[in-house]
1. Cβ-Cβ distance below 6 Å, separation of 6 or more or different chains: which pairs start in the range B:75-94 with a residue that is touching a residue at least 12 places away in the same chain (Cβ under 8 Å) and within 12 Å of chain A (Cβ to nearest Cβ) and end on one that is assigned to a strand (DSSP E or B) and loosely packed, with under 14 Cβ neighbours inside 10 Å?
2. Is it fair to say B:Val273 is buried (at least 18 other Cβ atoms within 10 Å of the Cβ) and within 9 Å of chain A (Cβ to nearest Cβ)?
3. Residues of the range A:139-170 being over 8 Å from the mean Cα position of the chain (by Cα), away from every other protein chain (no Cβ under 11 Å) and either open to solvent by less than 10 Å² (accessible area, probe 1.4 Å) or aliphatic (A, V, I, L, M) (or both), which ones?
4. Out of B:Ser265, B:Ser283, B:Ser308, report the one residue that is among the small types (Gly, Ala, Ser), more than 7 Å from chain A (Cβ to nearest Cβ) and either in contact (Cβ under 8 Å) with a residue 24 or more places away in the chain or closer than 26 Å to A:Arg146 by Cα (or both).
5. Give me the residue from the range B:1-23 that is within 12 Å of another protein chain (Cβ to nearest Cβ) and in a strand (DSSP E or B) and, out of that set, farthest from B:Ser79 (Cα to Cα).
6. Find the residue count for the range A:111-153, including only residues that are of a type in the set (D, E, K, R) and touching a Pro at 6+ places or on another chain (Cβ under 7 Å).
7. Look at B:Val24 and say whether it is crowded, with 22+ Cβ neighbours inside 10 Å and touching a residue at least 40 places away in the same chain (Cβ under 8 Å).
8. Name the single residue that is farthest from B:Ser283 (Cα to Cα) among those in the range A:78-89 being open to solvent by 10 Å² or more (accessible area, probe 1.4 Å) and within 7 Å of chain B (Cβ to nearest Cβ).
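The values are calculated or read from the model by the stated rules, or taken from the named source; none is laboratory data. As the structure is a prediction and not an experimental result, all values here were calculated from the model. Glycine also receives a Cβ, built like all others from the backbone with ideal geometry; neighbour counts cover every protein chain displayed. These accessible areas exclude ligands, DNA and RNA; they are computed on the full protein's heavy atoms, side chains included. Shrake-Rupley method; radii C 1.70, N 1.55, O 1.52, S 1.80 Å.
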Amino acid sequence: MHRRGVGAGAIAKKKLAEAKYKERGTVLAEDQLAQMSKQLDMFKTNLEEFASKHKQEIRKNPEFRVQFQDMCATIGVDPLASGKGFWSEMLGVGDFYYELGVQIIEVCLALKHRNGGLITLEELHQQVLKGRGKFAQDVSQDDLIRAIKKLKALGTGFGIIPVGGTYLIQSVPAELNMDHTVVLQLAEKNGYVTVSEIKACLKWETERARQVLEHLLKEGLAWLDLQAPGEAHYWLPALFTDLYSQEITAEEARETLP
Amino acid sequence: MDRFVWTSGLLEINETLVIQQRGVRIYDGEEKIKFDAGTLLLSTHRLIWRDHKNHECCMAIPLSQIVFIEEQAAGIGKSAKIVVHLHTAPPNKEPGPFQSSKNSYIKLSFKEHGQIEFYRRLSEEMTQRRWENVPVSQSLQTNRGPQPGRIRAVGIVGIERKLEEKRKETDKNISEAFEDLSKLMIKAKEMVELSKSIANKIKDKQGDITEDETIRFKSYLLSMGIANPVTRETYGSGTQYHMQLARQLAGILQVPLEERGGIMSLTEVYCLVNRARGMELLSPEDLVNACKMLEALKLPLRLRVFDSGVMVIELQSHKEEEMVASALETVSEKGSLTSEEFAKLVGMSVLLAKERLLLAEKMGHLCRDDSVEGLRFYPNLFMTQS
């Protein structure tokens, strides 16, 4: 008696069944792609309608921009991923953020010699606004953060470090680990930090504190002040604000010296 | 305008700076006055204005003096403004720029922008009223806000009603925009679900899907801004768009690269290309994805990633390893060089100069001297002199 499934005939039949299954599989994908194409066209129309009514709102209202971005993120869509995306083309969000990216890069490059590539979000905001000029549209700090997050794709070493309620923006590929970040946060209060302060607040040994400070010096993020009263002060130029350092002329500087 | 008092501009103990903005002009009511260019500072206790040119001209208002604030949008030739409505000045107020004023409000005009952020922070401070919890010297505590029995400033009721109406109108616009946005997002979410289901099909069939279909699918993902569910990268190995872009870049960047010694960082390329375009700018990811295809398309440029993560575009004809030999010569001539010194000598960006020196070190031609005075490179005599 023949066992079922064995024999040339059964094998051929199996092959035929597989082929038919594959064919149907291909048709299924084709169907779905066609469906997606159609839905995409419909979506484009919906987006166009939305844009015609609310494009200005997005342009002018930074809170609305935040809501828009958050909603996109929730559903798994990145409206800024590509300039060729619908969102960018129709709502104009792309150009706004990509141009901001260029301006951020330029400001960071211009100030790098002074602060070693570390700048507060506030100062970056001020400088970018200055560069944009009177007739350009206002930007919020949230806008800057989003633009910077996108810039990370360029492998530039852009980083966002939270310190005391605000952020420090890093624009050079300097290695900054947790220890360095914590010391930066400590320095935020006075604009400088000392070995004793680190030991007292963070409970570190002298050697660990010294290593971190040396690294910041090497990277050009900190300046060494050996003339400070008591012990050496390590200043972070990134944290200088107008209130601490007013622009004084050479004569004024000479006058204040004994 | 008679509510301001002269001040040194220094913060008191327990008074913290919240935000500051340059380029602010003050109006007394609707009138322009001589304080037309200064820095406006917001602290937890006061609003301070300091003249740009004459830092001695510095005045402040305690936040407790503020009744409420409104925004005034920018117009053609007009900067955005914040209107600040004030209580009447208390009798024991310290001297200020104006003895009297017929206006119970001032306007702050943001000629160098920054109005959005400033308004947000000022609103926050007005809500939190931190000055009430954190006492500072008496001179700042001139007004504790509306007290029972105080006569309210004239016209406040009318102003508040107008503000309420404006808020309702704005709310209506916003809520309509939000409603439309929510509806749109629901549709967008459907697209995301559909793309996931197609991606699953692709995974199951494991290569039975045609090349053509893959390309179509990727371009749909590109339009919607959906990450490729199969590879998790945005657009995986690129779409038609990126291929086109790669060819365009090869054309645009040939000359700039030659002018810069055959190599440019991706950041420089991003700025160069987008500045030239003016509009329809490239996203950072567009640029990276296009550059990833340069080599595959046999174009005369290529993308290179250094160990540090720095990404550059090089001409195919550029041989960084050969440049290392000339770098060694330069360093030997000078004895030793830092990245900055080398960059200046050769006419390169410091970033790329550093990469070249690091590569030379990796290849064994240079040694480093790493100290707090900086990173300095020397010819590697261990190799050359036995």
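1. none
2. Numbers: buried (at least 18 other Cβ atoms within 10 Å of the Cβ): yes; within 9 Å of chain A (Cβ to nearest Cβ): no.
The answer is no for B:Val273.
3. Listed by number, the residues that qualify are A:Ile161, A:Val163, A:Leu168, A:Ile169.
4. Values: B:Ser283 fails: more than 7 Å from chain A (Cβ to nearest Cβ); B:Ser308 fails: more than 7 Å from chain A (Cβ to nearest Cβ).
None of the other options fit; the residue is B:Ser265.
5. The first filter runs over the range B:1-23 and keeps only residues within 12 Å of another protein chain (Cβ to nearest Cβ), leaving B:8-11, B:15-23.
Imposing the further condition that a residue be in a strand (DSSP E or B) reduces the set to B:17-23.
Numbers: B:Leu17: 24, B:Val18: 22, B:Ile19: 19, B:Gln20: 17, B:Gln21: 14, B:Arg22: 13, B:Gly23: 11 Å.
Looking at the filtered set, the residue picked out is B:Leu17.
6. 4
7. Details: crowded, with 22+ Cβ neighbours inside 10 Å: yes; touching a residue at least 40 places away in the same chain (Cβ under 8 Å): yes.
So B:Val24 fits the description; yes.
8. In this case the residue turns out to be A:Phe86.
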